[in-house]
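Q: Quick one: this structure, given as structure tokens, is what I'll be asking you about.
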């Protein structure tokens, strides 16, 4: 930050001597924008920098600075404000596109006009999911490249937009291969021109990773085992380790490869541990429920494999810790509670197999279902799942010669209530076995 402050002081001294110099004001606005970007990358508050940049840009325009540069910088500044204020992102991206329109109007032969408007359209598409914005962004970057074929920014941005279009195409049931391959080509060319920027590395990693995932879904085993995406994310991380998303995405690539190994009945735990470590690095930079859930899934899968091999399942406890952190906010989807309950049940089973105390894990399972039922009291599946936890507790108590009537009663009640709410549930056998125990132990 010292360099930025020194630059502001120098611009300030020069502007004092020549207050109507539009280029000096525009230069100082650029320093404010660079400071804002620096603060955003480190979790700081960039709002004061944005306000100062707006004042200088307005002053520069009225003082006769080149309008095209002012509109381009205003477009860039508004995009960054949208990124910094997610609640007002749509508003700022709309304003950024308007500034980009002005830049294109006054300087249609300047590739930066097309690049800045394209970036604004890309960001709005990313924020809103509107396919038209992505196509418009690709068209703008293509115009920029027609003017400057070796503009690395335009190539990298078009690559990112092509990745986004490929994702949307696959979600709609189409074939995204062409988009992903074109994205990888653009990013490769951008890297050839300037290998010091992390953006093209991360975008090429996403293109390669998503293409491998698609080809894997079509039976291409070689694609599933490719290291290309991991290598690209690793380079992006080397260039800028502060970006949480790079760690998260690399973890996801590793987790997908682990799933493929699991399908082939190979041991995926090494890859899953690497994925979990990536998620941990991501969380150290930015807390995110999505990353916590991905780490929970990685730990849970490690636990599943360890359980099947009769080994220690400590990863189940780690998975539960992540699920509970998400659940305590009270906004998680029902699947989070369901996953937490099932992991707790699996943890209890693993402990019982190794002769350890399974009851704390079973209690955690009941607690997970209780929390879910409190939010969705008419969900018969959740109630029946809680019944399964009570039933497992009762069985283990019975095996150890302990009274189990209380747990069997609660299980039978949950099975019965769950089936009333959801008649598709098959609970007859569970109810029969609960009743059988209770009839044989009337005094408990």
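The values are calculated or read from the model by the stated rules, or taken from the named source; none is laboratory data. Owing to the predicted nature of the structure, the values given are computational and were not obtained by experimental measurement. A quick note on method: Cβ atoms are made from the backbone with ideal geometry, for glycine too, and the neighbour counts reach across all protein chains shown.
Q: What pairs can you find where one residue is in region 347-372 and part of a loop (DSSP other than H, G, I, E, B), the other is surrounded by fewer than 24 Cβ atoms within 10 Å (Cβ to Cβ), and their Cβ atoms are less than 8 Å apart, with a gap of 6+ or different chains?
A: 354/310; 354/312; 357/351; 358/349; 358/351; 358/352; 358/396
Q: Check every one of the helices (runs of 4 or more DSSP H) wholly within region 161-252 and list those with 1 or more residues that are outside the structural domain of residue 275 (by TED's automatic domain parsing).
A: Because the criterion is at least 1 residues that are outside the structural domain of residue 275 (by TED's automatic domain parsing), the helices (runs of 4 or more DSSP H) in region 161-252 that meet it are 177-193.
Q: Tell me which helices (runs of 4 or more DSSP H) are completely within region 16-94 and hold 2 or more residues being closer than 22 Å to residue 122 by Cα, or say none if there are none.
A: In region 16-94, 22-41, 67-84 are the helices (runs of 4 or more DSSP H) which contain 2 or more residues that are closer than 22 Å to residue 122 by Cα.
Q: State all residues of region 391-425 that are more than 10 Å from residue 380 (Cβ to Cβ) and outside any helix (DSSP H, G or I); if no residue qualifies, say none.
A: If the condition is that a residue be more than 10 Å from residue 380 (Cβ to Cβ) and outside any helix (DSSP H, G or I), then 400, 401, 402, 403, 404 are the ones that fit.
Q: Continuing with the same structure: From 277, 298, which residue is under 17 Å from the mean Cα position of the chain (by Cα), part of a helix (DSSP H, G or I) and assigned by TED's automatic domain parsing to the domain that holds residue 354?
A: It is 298.
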